[in-house]
Amino acid sequence: MTSKTVTPQEVAQAVAMREAGYTALSISAEIGISVRTLHRLFAEHGAKKGTVKLALVEAARAAMIDRVTSDDTIRDEVAKQIADGLAHSRRLREIMVAASEQMVATNLAEAALVMRAAAAYSTALKNTSDTLRHVLSVERPSVDPEGSLPELVITELSQADVARIRSAQVDLAELTD
């Protein structure tokens, strides 16, 4: 029985697959190395099943957090989104101008379809813009630096106060009629 010579590339692939969680049997079928040889290689290289998964997940999580919390990354993303939003707005205006010109001409049915599509396009653009503003918290409410809330004062209205308010409402209603 002849033994197969295992190349360094096959060893690296086998060890990587093992650490990614593959079984020795599935690695053997994939690479063509006997299960017994694989176990020997795993022992030599200290490869354990599934050890790379946690490290990869943690590395990916750290990279994602760095990507979304970096001021430069956020500025770059906002700049891209603003440029993209402006380009879409220009394109939407061009579509609407072309459709309105068709309305003036003879092709009213086609112009109505184009306007309907433009309305859907506009809605999608607004939704993505709103989502971006929400994610970046662009519209943060102003908060007192000390964190205090404004004071709410409740007073009881007297009969004279109620009569004055009703009189003002009647006067306002007469002005608008």
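Every read-out reported here was derived from the displayed coordinates using simple, explicitly stated rules and does not represent laboratory data. Quantities reported herein were computed from a predicted structural model and do not represent experimental measurements. Every residue, glycine among them, receives a Cβ derived from its backbone with ideal geometry; neighbour counts consider all protein chains shown.
How many angstrom separate the Cα center of the stretch 71-118 from the Cα center of the stretch 1-41?
So the separation of the two Cα centres works out to 56 Å.
What does the charge add up to near Met96, with Lys and Arg as +1, Asp and Glu as -1, over the other residues with Cβ less than 15 Å from its Cβ?
Numbers: positive: Arg90, Arg91, Arg93, Arg116, Lys126; negative: Glu94, Glu101, Glu110.
Surrounding charge for Met96 is +2.
How many nm is it between the label spots at Ala112 and Lys4, if each spot is 7 Å from the Cα in line with the beta carbon?
Label-label distance for Ala112 and Lys4, simple model: 7.0 nm.
Assuming 1.002 mPa s and 20 °C, estimate D for the stretch 70-136 with Stokes-Einstein, Rh taken as the Kirkwood radius over Cα pairs, in µm²/s.
On the way: Rh = 13.4 Å.
This corresponds to a translational diffusion coefficient of 160 µm²/s.
Using 0.36 nm per residue of separation minus the Cα-Cα distance, give me the extension gain between Ile74 and Gln169 in nm, one decimal. If you can, show how the numbers build up before the last one.
Details: separation 95, 0.36 × 95 = 34.20 nm, distance 5.05 nm.
Going from the current span to full extension adds 29.2 nm.
At 0.36 nm per residue, minus the direct Cα-Cα distance, what do Arg90 and Leu25 gain on full extension? Give it in nm, one decimal, please. Please report the intermediate quantities before stating the final value.
Numbers: separation 65, 0.36 × 65 = 23.40 nm, distance 5.85 nm.
Extra length available between Arg90 and Leu25 comes to 17.6 nm.
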